[in-house]
Each structure stands twice: as C-alpha cells, then as structure tokens.
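Asker: Got a structure for you, written out below as structure tokens; questions coming shortly.
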Amino acid sequence: MHLLIVAVLTLREAARRRIFAAVAVLTVLAVGLTAWGMWRIAASMQQRGEPAVEVAGAFAILVLLLAYMFSVVLAVGAAFLSAPAIASDVESGVILAMLPRPIRRSDIVLGKWIALVALLVAYTFAVGAIEFTLIHRISGYLPPHPLRALGFLASEGTVLLTLALLLGTRLSPIAAGITAIVLFGLTWIGGIAQSIALALRNDGVVHAVTALSLTLPTDGLWRGAAYALEPAVLAAAALTDVRRESPFTVGAPPPAAFDWWAFCWVAVVLYAAVVSFQKRDL
Amino acid sequence: MDTTAGDDAIRTERLAKRYPAAAGDIVALRGLTMSVRRGETFGFLGPNGAGKTTAIKLLLGLTHPTSGEAMVLGARLGDRLTRRRIGYLPELFRYQDWLSAREVLGLHAALADLPASSRGTAIDEALTVVGLAQRADDRVVTFSKGMQQRLGLAVALLGAPDLVFLDEPTSALDPLGRQDVRAVIERLRARGTTVFLNSHLLTEVERVCDRVAVVHRGVVISEGTVADLTRESGAVRVRVAGVTPAVAALLSRNGTAADGWHVVDDIAEEAIPALVASLVAAGARVYAVEPIRQSLEDRFVQLLRSDLSGVSSDASVDSSRSDAP
C-alpha cells in the first residue's frame, strides 16, 4: 500500500513539475525533425529512381543510427530522472518528514523505482511505435523485430535507472547522475574497443571489455537492440567477418544467459539500493 | 534495561551515536540516559551541537545508534507500527512544495494509515488548529517560511498521535505564531499527548514544559521539573516586620536585607521552620517565606558553564570531537 502511495506520488511529481510536458515537447520536436529528414531522403532517392532494396538498405542504417540516438537519450534521461529521486528528497529534508511514518524504507526505494520504470517503458514503446510507423509510411521499410528492439532499449534504460537510484541513496543528486552517465560512457567506449580488439584478435582487451559489459550490461543490451533492428544481411556480414563487427552491425544477438544476467543484475542492484537506503543515517 | 516501565513514553539508556571521520570519530551523542513520562510535556534543552536533533532522529529511527538502548511508547527504536502513534516536526522542515497544504496532509494521512473515512476530518482539524484553513488548497511553494512551519506542525498533529516530537517548532514564527504554538502544546497536554519539545526559546520551555533535561556534549547534565531546576539551592526570601537588633543579627548571619525582604542564603529546606521560629521568638512578625527561583535561562547558562569548567580538564583524554548535526 505504502509502495503504491510512493509510486503514485513520484508520477504526480513528474506531472506537476512539468517533466511530462517538457519531454512531450522535445519528443514531438525530435520526431518531427527526423520524420522530415527521412521524408526528404526517401523523396530524393525515389526521384533518382533508386531501387526499393537500396532505399530499404539506407533506411536500415538510418533506423540503427536513430535507435542509437534514442538509446542514449533514454539512458541519460533515465539516469538524470532517477539519480535525484531519493537523493534530492534526502538533501532537501523532505524524507525526514516521511520516514517517521509507518513506512518501510524499501517502500520508498521500490515505489520510486516502479514509477520511474513504468514511465521509461511507456515512453520507450510510445515513441518507438510512432517512429517505426512514420518510417514505414515514408519508406516502406520496417526493421525485422521492432518490439524486441524496444524491449532491449527499455531494459538498457532500466539498468542505468536502477544504477542511478542506487548511487542516489548515498551520493548527491548531481554526483549520482554524473557517475551513472560516466559509467554508461565507459561501457559504450568499451563496446567500440571490443570491436577493434576483435578485428585485431587481441584477446586480452576482448576479455576485459566482456567483463566491463557484464559489470554494467548497457552495451550488451544495446547490441541486442541493434541485432533486432538490423537486416539479416548486415548481421551475416558481421558474423562472417569480424572486421565488420561494430556497435551498429552485430553478428549475433546476446546469448539468452546474458538476458538473464541483465535481469539478475537489475534485481541485485535494486536490492543493494534498498539495503543502502535502509542502513543510511539521515 | 527495564522495558516494563509502562509510564514512560521514552526511556533511553546510554544511547550513543558516533560518526566515523578521518580526523577521529565525531561524537554526536555520548551516552544519553533519560526518561519521559506519558502525558507530560518534556523540554529537551542544550546548546548548538549538544546532540539534541541527533537524539530525536535516533528516537524516530532515522539514525541508527552506535550503542545503548531506548524504548519509545514501549517498543524498540524504529518499530514500524509504533510510528503510527508518533508525530514529528523536523527542525529543517521541508514538504513537497509542488503539492497543496491539503495534499501534503493527505499524503501523510495515508502514510500514517489513518482510515480513509476519517482522513478528511483529521486534515481539516489539523489545518484549522494551525491556522492554515484559508490557504489549504494553495501550493506549498507559495508559503512563507512561517506558514511552512505551521504546515509542519499540522503534519505532526495529524491523527491525534500519542507522542509528538517538536524540533524547534517556533524557529520561523513571529510572536503571534509562537503564542499559537504554545496554545497547540497546551491543547496536546490537555488531550494527554506526550510532547517532546526541543527549543532554544527557554522562556517558552519554562512556560509549557512539565519537566526538562539539559543535554551538553552528548549527555544529560541535569533533568527534573522546571521548578526543581530553577530553584536556587538553599536561598529563601523572608518578609518580616519588627526587626529588632536580635532579629537583624539572626538575618545578617547568612543573608542580606532590602526593602523589607531579607534574602537568606545557604539554608536547607528543613532548617526553614527553625529560622522562622527563631525570628518569631526574637520579636519579628513573619509575613512570607519564599524560595528564590532563577529563570530557566539563567539556570541553563549556569549548568553549561559549570559543566564546561568540569570537563575542560578531560578534553585531552578524549580525542573525539563533539559536533552533533
């Protein structure tokens, strides 16, 4: 019951602080601009009489780039929304009035997490559905597994959201947000380094990055999204020639064990956030 | 520790809190031992950094003790269900400023598990008691600091708790507001609510509190009723007429005279009847004998000074710093 009260309060705060409105305006702007750009590209390709397969190929690349931009926006947004969720309540003193009530500290952490994840998932699927519909209308191209890709993108955001929430139980809002973003950036760079290391057959770097990717599974989840979005021909090219492997051309999807690993990672980090907040002196 | 003391709303024994720090532990509370009886208004006094707010946070389960024990309303520290019966106004009060006053109270009513059917009445009553009924639907962000403190008081009073912690409840209020808080405390006392009042305004504490404890450097250095604490030990004022040389000699033995009132120092309570009898026997007419009281503020300062002079020689023994939040 208290958990639901906190979840609803978190959503009300997002609405009252005009977070919904600001995000909606920016999203409409971004979707409008990308749709206009794609419409222009499709129009010029059709004018030049490019075959449909070429148009589809170009749009396959565009979709991957757009999805990558979207994944960064989701991850950064999730971190900056989640980092202050507890940290700013502690810093401002709001939490001092709430915790002497018969509420468990775990209800505060889980209530906020549920509300933020619900927001993230709803936003990911809503914006993703709009973008894919527009792309299909403009170019006739639809990626192979759009829903699976959105699932991976939402999972990637959830990973970073959970990490920022954990950091926010101990650090200031800004420190928690920046730390989460820096770690996200590190794994992203790691992903690129892994592609290069694979081409150079440098096993040491490959193993180090794999360990990094398991420590923070955002890059692995992005690769799941990329695999779900790329046409089979791109995946096959990367699979047969490691030099073609990159964050945008993935030879194989992450193994099922990795999906479970990411799921368990979120559960463990969320549990750590609960314990960390329970043990904190206020 | 005796946990069967049913008359105690709060009971602590050697409750201590240290915060680890690079330059040595910071001692917020050295070893708090005290008791607050049910239904009394208890003043918790001390200078800045004495550990008052830390003590309240420990009692509310906001902070975890390093050592020692405590019971609040018969339950161990932080007991979740007991917190239904507790109200709290923090020193650094801050509420969701994007909500209205009524919504803040609605949130706290739900968190306090008040039955849904009685929440509306409880909220209206709390708003009326603190004088915020007219601004109930305005957002907290538009409130002055004083109004936010009134809202905090309403939050603390919500649902008729058995124990209310008020940490500096008048810090942001004007004299009129302070009078209102005094009336609220009187109202709580009449209802049988235990009030734990932490305030720097000693004249207010003197007016409303049944008992007080003075805490300094993390320990209680004095505890008792306001009357006990403010009575100057062994001093009485005697109003007499018919002062003969024999009477004057009796009075001047350990006192001074002024305006018909004579101050007699260093006299034990049991010696007062003998003094009166001697005066009467010497021909004086005794109209009044009154114990001399200090103001709570004077007594407070005296206690701190005497504690400081007593502990200054111990400072080198304990390298820990006392710097309570």
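Asker: What number of residues within the stretch A:253-280 satisfy the criterion of being within 14 Å of another protein chain (Cβ to nearest Cβ) and in contact with a Lys or Arg (Cβ under 8 Å, 6 or more places away or on another chain)? Reasoning before the result, please.
Answerer: First, pick out the residues of the stretch A:253-280 that are within 14 Å of another protein chain (Cβ to nearest Cβ): A:275-280.
Then drop every residue that is not in contact with a Lys or Arg (Cβ under 8 Å, 6 or more places away or on another chain), which leaves A:276-278, A:280.
Result for the stretch A:253-280: 4.
Asker: Same structure again: Could you tell me which of the residues A:108, A:138 is within 14 Å of another protein chain (Cβ to nearest Cβ), in a helix (DSSP H, G or I) and crowded, with 19+ Cβ neighbours inside 10 Å?
Answerer: Values: A:138 fails: within 14 Å of another protein chain (Cβ to nearest Cβ).
Result of the check over A:108, A:138: A:108.
Asker: Now for a different question. Of the conditions (1) over 29 Å from the mean Cα position of the chain (by Cα); (2) of a type in the set (Asp, Glu); (3) surrounded by fewer than 19 Cβ atoms within 10 Å (Cβ to Cβ), residue B:125 fails just one. Which one is it?
Answerer: Residue B:125 satisfies every listed condition except (1).
Asker: Residue check: is residue B:78 in contact with a Phe, Trp or Tyr (Cβ under 9 Å, 6 or more places away or on another chain), at the interface with another protein chain (Cβ under 10 Å from one of its Cβ atoms) and of a type outside the set (S, T, N, Q)? Lay out the reasoning, then the answer.
Answerer: Working: in contact with a Phe, Trp or Tyr (Cβ under 9 Å, 6 or more places away or on another chain): no; at the interface with another protein chain (Cβ under 10 Å from one of its Cβ atoms): yes; of a type outside the set (S, T, N, Q): yes.
The answer is no for residue B:78.
Asker: Right, next: Which of the residues spanning the stretch B:14-72 are more than 12 Å from chain A (Cβ to nearest Cβ), over 21 Å from the mean Cα position of the chain (by Cα) and surrounded by fewer than 19 Cβ atoms within 10 Å (Cβ to Cβ)?
Answerer: Residues satisfying the conditions are B:21, B:22, B:23, B:24, B:25, B:67.
Asker: Output the residue which, of all residues in the stretch B:147-178 that are modelled with pLDDT under 90 and either farther than 12 Å from residue B:89 by Cα or aliphatic (A, V, I, L, M) (or both), is farthest from the chain's Cα centre (by Cα).
Answerer: Keep residues of the stretch B:147-178 that are modelled with pLDDT under 90, which gives B:159, B:170-178.
Now drop any that are not either farther than 12 Å from residue B:89 by Cα or aliphatic (A, V, I, L, M) (or both), which leaves B:159, B:172-178.
Values: B:159: 23, B:172: 18, B:173: 18, B:174: 20, B:175: 19, B:176: 21, B:177: 19, B:178: 15 Å.
Selected residue: B:159.
Asker: Test of understanding: among B:132, B:163, B:151, which residue is free of Cβ contacts under 8 Å to residues at least 60 places away in the same chain and in contact with a Lys or Arg (Cβ under 7 Å, 6 or more places away or on another chain)? Before you say what the answer is, go through the steps one by one.
Answerer: Details: B:163 fails: free of Cβ contacts under 8 Å to residues at least 60 places away in the same chain; B:151 fails: in contact with a Lys or Arg (Cβ under 7 Å, 6 or more places away or on another chain).
None of the other options fit; the residue is B:132.
Asker: Same structure again: Quick one: which residue in A:42, A:67 is closer than 20 Å to residue A:136 by Cα and modelled with pLDDT under 90? Before the answer, list the steps.
Answerer: Details: A:67 fails: modelled with pLDDT under 90.
Checking each option against the conditions leaves just A:42.
Asker: Which count do you get for residues in the stretch B:82-92 that are more than 7 Å from every other protein chain (Cβ to nearest Cβ) and under 12 Å from residue B:151 (Cα atoms)?
Answerer: Within the stretch B:82-92, the first condition is being more than 7 Å from every other protein chain (Cβ to nearest Cβ), and the residues that meet it are B:82, B:85, B:87, B:89, B:91.
Okay, now just the ones that are also under 12 Å from residue B:151 (Cα atoms), so B:89.
Residues flagged as more than 7 Å from every other protein chain (Cβ to nearest Cβ) and under 12 Å from residue B:151 (Cα atoms) within the stretch B:82-92 amount to 1.
Asker: Can you tell which of A:87, A:7, A:67 is of a type in the set (A, V, I, L, M) and farther than 30 Å from residue B:81 by Cβ?
Answerer: Numbers: A:87 fails: farther than 30 Å from residue B:81 by Cβ; A:7 fails: farther than 30 Å from residue B:81 by Cβ.
Step by step, each of A:87, A:7, A:67 is checked, and only A:67 is of a type in the set (A, V, I, L, M) and farther than 30 Å from residue B:81 by Cβ.
The values are calculated or read from the model by the stated rules, or taken from the named source; none is laboratory data. As the structure is a prediction and not an experimental result, all values here were calculated from the model. Glycine gets a Cβ as well: all are built from the backbone with ideal geometry, and neighbour counts include every protein chain shown.
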